[in-house]
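What follows draws every value from the coordinates through simple rules; no lab data is involved. This is a predicted model, so every value here is computed, not measured. Here Cβ is always computed from backbone atoms with ideal geometry, including for glycine, and neighbour counts include all displayed protein chains.
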Amino acid sequence: MSRTADAVGAAVDGRPDLRADVHTGFRTYVVGSRQVRPNLPAATCPFCPGGLEAPESYEVHWFPNRWPAMPDARCEVILYTSQHDATFWSLGAAGARNIVDLWAERTAALGARDDIAYVLVFENRGAEVGATIEHPHGQIYAFDFVPDLPRRELERGDLFGEPGDRLVATAPGWRAWVPDAPSFPYALVLVPDEHVPDLPSLDEAGRDGLAILLVDVLERLDRVFDAPTPYMLWIHQRPFDSGTWPEARLHVEIVSSWRAAGVPRYVAAGELGSGVFFNPVPPEDAAQALRDAR
């Protein structure tokens, strides 16, 4: 694969360098600068009030990532609460609603930029999935292209059907269920009943419902294992590339790598090499365990 002199320079000086694999077409940012970012915070938490990233008291707060994975102020950190030992679900519906509002606000602001095509809201919770700071927080990546995974979803269309015995929980205007063929032992998808394309389009009731359902299912995850369960959360929504995307439907996905309390499920070479996954936990069993976790 040929690369320009500018791209070679980017790889050398540590600036994010977007490359595409010649065999698969998958895109990867090479970000040498992130090798020197601190793995653990200093003695005091930078996200607590008075810390490096939050000098004033706050309910929710956002700031540009000091160690961005992409250039041009396209990576942000979202602080969920000033309470260092809180969890998302312990904030209750009101606290979660503040987070949903900030997600929508930052999505709208980033999506309005001419150089942004897609806004991905996400969270990594727990050291097992790469979180280096325990303080409750998430992130936003704003891409100048539509990433491959959400693009494939969009091209397949709105295929959310009836979950049947995989339904876990409901909230006004929303439902959460375990997917039919999840790659992870415990997985959830949260979908609005109405065809809402993105976070900024959620009305007041829709935002309340999402907040209530997030609190519900994230508490269930902790109760299933009777421990702070590591999880990854991301939100797929309409691209902001001026396309129409009539099939785009907002949804939240949550997955945990645990197959039992403290026992991770590792993705092996046979899966990475084939792209076919082997889940040790039947989705119906996972759904039942989550329904019972109250």
For segment 61-151 the trypsin sites (Lys or Arg not before Pro) that pass both the DSSP coil test and the at-most-12 other-Cβ-within-10 Å test are Arg66
Checking segment 218-294 for chymotrypsin sites (Phe, Trp or Tyr not before Pro) in a loop per DSSP with at most 12 other beta-carbon atoms within 10 Å yields Tyr266, Phe278
The chain, Gaussian network, Cα under 10 Å: of Gly51, Gly111, Gly92, the residue fluctuating most is Gly51
For the Ala260, Thr132 Cβ pair and Förster radius 22 Å, calculated FRET efficiency rounded to 0.05 is 0.30
Rounded to the nearest 500, the 222 nm mean residue ellipticity computed for the chain from DSSP H runs (n ≥ 4, each -39500 (n - 2.57)) alone is -8000 deg cm²/dmol
Expected max-MSF residue from Asp193, Asp101, Asp144 in the GNM of the chain (alpha carbon, under 10 Å) is Asp193
In terms of the charge dipole of the chain, which places +1 on Lys and Arg and -1 on Asp and Glu at the beta carbon, the residue among Phe63, Ala227, Val30 farthest towards the positive end is Val30
Note to self: C-alpha centroids of segment 84-140 and segment 253-269 sit apart, in Å, by 22
In terms of the alpha carbon gyration tensor, root eigenvalues a ≥ b ≥ c, rounded if a/c is under 1.5 and otherwise prolate when a/b exceeds b/c or oblate, the chain is rounded
Dividing the mean separation of Cα pairs under 8 Å (6+ apart) by the residue count of segment 149-245 yields a relative contact order in percent of 23
